[in-house]
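Peer 1: Before I ask anything, let me first share the structure, which is written out below as structure tokens.
The values are calculated or read from the model by the stated rules, or taken from the named source; none is laboratory data. Remember, predicted model here, so these are calculated numbers, not experimental data. FYI the Cβ positions are ideal-geometry reconstructions off the backbone, even for glycines, and counts take in every protein chain you see. Areas reflect the complete protein model, heavy atoms only, side chains present, ligands, DNA and RNA absent. Shrake-Rupley method; radii C 1.70, N 1.55, O 1.52, S 1.80 Å.
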Amino acid sequence: MQKNKTKTIATVISLLLKICIGIGIILLLALWKILEALNIKFDLLVFLIYPCGILFLILVYQFIKLFNQLKIENPFTMTMVKCLKQTMWISFIIGIIIFLALLLSIFIYPAYTLTLKISLTFFTILFIGVGIALYLLSELFRQATEYKEENDLTI
């Protein structure tokens with residue numbers, strides 16, 4: 001019963017994430033026109049949305065892979081550890097890009113509001129924190145996988 005519930009939840013979340021990837025791709029492709037319609041100047045700070053958006057879509061794809069791994073009911077594999085590590089690096093890179101956007105908003109584009117600067121600070125801390133959490137999780141899964149493989153050999 002519990003395995004079926006986990007499989008169902010993983011399937012539903014995986015499907016929702018696939019829909020989010022589709023919407024994200026459409027939004028990234030339409031961003032130029034959306035900004036034009038809103039009469040927002042396309043400067044370097046706004047341009048940083050593209051690499052963050054692309055990396056975020058890759059991050060969502062990595063989560064789909066993680067949920068697919070959960071569906072096959074064997075999360076303690078080196079594939080899962082590798083996927084967690086890749087997700088960690090993507091999160092760190094997004095955090096760095098957002099930090100660069102924060103620096104740009106402070107030193108190059110001082111006309112941007114304090115609210116934007118606080119938001120960029122929050123998102124920098126968020127993505128760096130998620131990267132750290134994913135590192136810890138990947139190390140836990142690595143160690144659990146090693147224990148599992150060792151245990152499988154002794155049986």
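Peer 1: Fully extended, how many nm does the chain gain between ILE25 and ILE13 (0.36 nm per residue separation, minus their Cα-Cα distance)? Can you show the working numbers first?
Peer 2: On the way: separation 12, 0.36 × 12 = 4.32 nm, distance 1.83 nm.
Gain in length upon complete extension: 2.5 nm.
Peer 1: Only one of the values (i) 44, 37, 23; (ii) 66, 28, 20; (iii) 40, 35, 28 was calculated from this structure for Cα extents along the principal axes in Å; name its label.
Peer 2: Looking at Cα extents along the principal axes in Å for this model, the match is (ii).
Peer 1: With a 1.4 Å probe and every protein chain left in place, work out the accessible area per residue of the chain in Å², rounded to a whole number.
Peer 2: Details: 10150 Å² over 155 residues.
Roughly 66 Å² per residue, with all protein chains present.
Peer 1: Can you grab the distance from the C-alpha centre of segment 1-39 to the C-alpha centre of segment 82-131, Å, no decimals?
Peer 2: 21
Peer 1: Using 0.36 nm times the number of residues separating LYS148 and ILE58, minus their current alpha carbon distance, what extension gain do you get? Show your work: numbers first, answer last.
Peer 2: Details: separation 90, 0.36 × 90 = 32.40 nm, distance 2.92 nm.
So the extension gain works out to 29.5 nm.
Peer 1: Sticking with this one: No solvent, one uniform scatterer per C-alpha: report log10 I(q)/I(0) for segment 21-90 via the Debye equation at q = 0.13, 0.21, 0.22 1/Å, two decimals.
Peer 2: -0.50, -0.87, -0.91
Peer 1: What does the highest-first list of 61-71, 92-102, 38-48 look like by mean Cβ count within 10 Å? Numbers along the way, then the final one.
Peer 2: Values: 61-71: 17.8, 92-102: 19.5, 38-48: 11.8.
The peptides rank, most packed first, as 92-102, 61-71, 38-48.
Peer 1: Once you keep just the Cα pairs under 8 angstrom separated by 6 or more residues, what percentage relative contact order results for the chain?
Peer 2: Numbers: 128 pairs, mean separation 41.3, N = 155.
Normalised by residue count, the contact order of the chain is 27 percent.
Peer 1: So, R0 is 22 Å and r is the distance between the beta-carbons of VAL46 and TRP89; what FRET efficiency does that work out to, to 0.05? Intermediate values should be presented prior to the final figure.
Peer 2: On the way: r = 25 Å, r/R0 = 1.13.
The computed FRET efficiency comes out at 0.35.
Peer 1: Please compute the modelled spin-label separation between PHE107 and LEU38, points set 7 Å along Cα→Cβ, answer in nm with one decimal.
Peer 2: Label at LEU38, label at PHE107, 2.6 nm between them.
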